[in-house]
């Protein structure tokens, strides 16, 4: 004990474990890409890599929002359902089918992609706020609230669309999912911009500091004068924003919205965030890590598909990786505590 | 004295924790059919000794004999099998199970698979009748009063054929009538040959119920004997008799200004959801700017609860708080901070620090508004300047502003917490156990910091369980016992024995 006290500079020295913990996802990503490139030449083509990037950008947007949530030691299981509902609302607005949802056809008057995007995001914000409110005001654990939300939003989506898809948007709408700027798919550009903004918010603003503080020690945050409930509620609103945004982009990419969209996304997204080093215990994590984690999952799925591995086995692999990542996180936490 | 071996003899017991010697060559003897008081200040080593006796911790050295035979109590189960049962202050009952289920939990009569409920209930009702607990044995424990729950604990102890029942502060949550009932029961048990070890902060109770006493001080035996041959004053002398540590800084009298904070008739009542919460009853005191007010009291006196109520961390039922003479409404820490009140909480790691975050983040958390621009971007220059300023002022030893606060020593961690509040420039700062768990050198530094704050015009309220510390840093001392203010004394008129008397006697008795 006295020895520990005598060397407060301890952490300044090189800590191989800390280094590995910090860059493990990136190293793993590079190794994985190298392996796939060796096994299957088709993997390392620009067409395929852009394809991976475009696929990743949808769940990646969700993972950015989820990073805020998990930083406060929360969780959001409702995102897949919320995305489906928001996507249908956007589609209905774009097709002018709100008043006449069963005959969304050529003669219907659309309201344009702008209102569609706004509608999707508004649904996301409202859905997130309602859940954040229930979590902070009624003290229901986030797991339970968003498990309920998962069911509620899926039901709302099915009810709204009467079970069927809404497809066929105009070119301006579809550009947000299918368009390119200098060969770079638009969803990738949206993902990168969102990631940069989120990184800036978390690292350089008051709000970001408070998110880390609330996640790191809610009681200390409260006794330091932070409005803990407000912060916690806000991260679910942010999550909702990203659910709405990605719903819009996904609808544009698929040229269709349907009530079963986004099924199982919560698993992929939570996996991306946790693999990227964000602690489920709160207070630790970065957007950079989340981006790497999202790419890792995306590359893994893409590589397995190219190698013709069954999608059932893919699910098994992802499940195992999540558990390993959390086990690693728990181990790292116990090390931090001892330090 | 007869020649038969005593029921319990612990001798040469030593126990060390990293950096602390909790018990040093302690001896403790209890005869059969005796009520024995185990006494001492907070941190004197009572709990550690009792944990060793309960098998919850093992001693580094020493022997335990029961009825003259050396035994090893490796775990609580073995201690119980030897007839030693401990009733902790926080009961260990399952609230949603019945009385009978709780009494025989883990030892239910019946076959390997099924419980014989008839036997369970008849055995339990035999015990409850003996204890005078007038309730159906099917009553759920959560529907019982605190005193009744205590009887269930005692019933459980008796069901294990115990010879020695350890009661840790059994009266702290009881009314006077309930206490008398408990004492009658202890006397009955005594007549049946069952011994009781009685831990209490209410010294007058020792003279009411106990035969002998043992006093611990700083982990050593300070004295023992028959209660009939001593007095409250004699026991207090044994409890506090250590010498004032020469290392403690002493405050030179500063200029004291107008009343900065006044607390009037603060009341906080127990709620059904927290029956063990400490009640506050009409707590009133004032603190002036430039003054250090010491709040002294034993564990459970309500000092921390008072501090938390003032700071808006816990709700209170009635009473007024006045800042600079104006009544203010404080329901959250944010409101307290807005009125210029800061709190350094008693548990640094659980309540103050973000251990996994950098020093700079920990330090600037209270003043983020001040060091960020209109777009809410935190200025790195201002933040690093802040860290640098307080690193020099408070002599915080750190590798750099980005070092994790969890890697600092206790003393430097506490300085970061103090810096956080100093940066805010409070009118009133409450420090709860400001030097707990930090080494002696850092302790003096923290004391000097408190002096500097007071000299700068801050009204400081200092809570400490160490009387020498309270005496060294305070200008004026308010004592509390069980949620009631029992007295007020100027530092120059106070000594440890006077304070201990004020802390252990109720208002009427002290007068």
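A short reminder: the numbers here are calculations on the coordinates, not readings from a lab. On a predicted model such as this, the values are computed, not experimentally measured, just so you know. Reconstructed Cβ throughout: ideal geometry from the backbone, glycine too, with neighbour counts over all protein chains shown.
Observations on the model:
- Region A:135-174 versus region B:303-349: alpha-carbon centroid distance in Å: 43
- Region B:8-240: antiparallel DSSP beta bridges as a percent of all, rounded to 5: 60
- Set of region B:146-168 residues, backbone N closer than 11 Å to the point 7 Å along the Cα-Cβ line of residue B:107: B:155-163
- Rotationally averaged projected area of region B:8-240 (alpha carbon convex hull; nm²): 13.3
- Given R0 = 41 Å, the distance between the Cβ atoms of residue A:137 and residue B:58 translates into a calculated FRET efficiency of 0.30.
- Using a Förster distance of 45 Å, the FRET efficiency for residue B:32-residue A:324 (Cβ separation, nearest 0.05): 0.15
- Protection-proxy order for peptides B:216-225, B:111-120, each taking the mean of Cβ atoms within 10 Å per residue, highest first: B:216-225, B:111-120
- Put simply, when A:187-194, A:136-143, B:474-481 are sorted by average Cβ atoms within 10 angstrom per residue, most first, you get B:474-481, A:187-194, A:136-143.
- For peptide A:213-220, the mean count of partner chain Cβ atoms within 10 Å of a residue's Cβ comes to 6.
- Of all DSSP-defined beta bridges confined to chain B, some 60% are antiparallel rather than parallel.
- With the simple model of a label 7 Å out from the Cα in the direction of the Cβ, residue B:114 to residue A:38 spans 6.5 nm.
- Globularity ratio of the protein assembly as shown, using Cα Rg and 2.2 N^0.38 Å: 1.14
- Kirkwood hydrodynamic radius (C-alpha pairs) into Stokes-Einstein, region B:386-471, 4 °C and 1.567 mPa s, D in µm²/s: 97
- Calculated on C-alpha atoms, the gyration radius of region A:20-72 divided by its Kirkwood radius gives an Rg/Rh of 1.08.
- Inter-label distance, nm, simple model (7 Å from Cα along the C-beta direction), residue B:320/residue B:228: 5.4
- Kirkwood hydrodynamic radius over Cα pairs of region B:113-165, then Stokes diffusion coefficient at 37 °C and 0.692 mPa s, in µm²/s: 280
- Length added when fully stretched, residue A:306-residue A:203, from 0.36 nm per residue minus Cα-Cα: 33.4 nm
- Pair-distance distribution P(r) for chain B, from all Cα-Cα distances in 20 Å bins starting at 0: 21, 49, 27, 4, 0 percent.
- FRET efficiency estimate (nearest 0.05) - Cβ-Cβ, residue B:373 to residue B:455, R0 35 angstrom: 0.55
- Taking every Cα-Cα distance in region B:325-390 and sorting them into 10 Å bins from zero, the calculated P(r) comes out as 17, 39, 35, 9, 0 percent.
- Extension gain, residue B:397-residue B:14: 0.36 nm per intervening residue step, less the Cα-Cα distance, totals 134.5 nm.
- Euclidean distance between Cα centres, region B:393-448 to region A:285-315, Å: 46
- Across every pair of non-identical alpha carbons in region B:350-425, the mean reciprocal distance, once inverted, gives a Kirkwood radius of 12.2 Å.
- Per residue of A:199-210, other chain Cβ atoms within 10 Å of the residue Cβ number 4 on average.
- Spin-label pair residue B:146/residue A:31, simplified geometry with 7 Å Cα→Cβ offset, distance in nm: 5.8
- Secondary-structure-derived ellipticity at 222 nm for the protein assembly as shown, considering helices only, amounts to -15500 deg cm²/dmol, per-run term -39500 (n - 2.57) for DSSP H runs with n ≥ 4.
- Translational diffusion of region A:52-338, µm² s⁻¹ [Kirkwood Rh, Cα pairs; Stokes-Einstein; 20 °C; 1.002 mPa s]: 112
- Here region B:412-511 carries DSSP beta bridges of which approximately 55% are antiparallel, counting only pairs with both residues inside.
- The equivalent ellipsoid of region B:132-246 has semi-axes of 31, 15, 13 Å, largest first, where each one is the square root of 5 times an eigenvalue of the Cα gyration tensor.
- Shielding by partners for peptide B:369-377, expressed as the average number of C-beta atoms from other protein chains within 10 Å of each residue's C-beta, is 3.
- Prolate/oblate/rounded label for region B:248-371 (Cα gyration tensor, a/c 1.5): rounded
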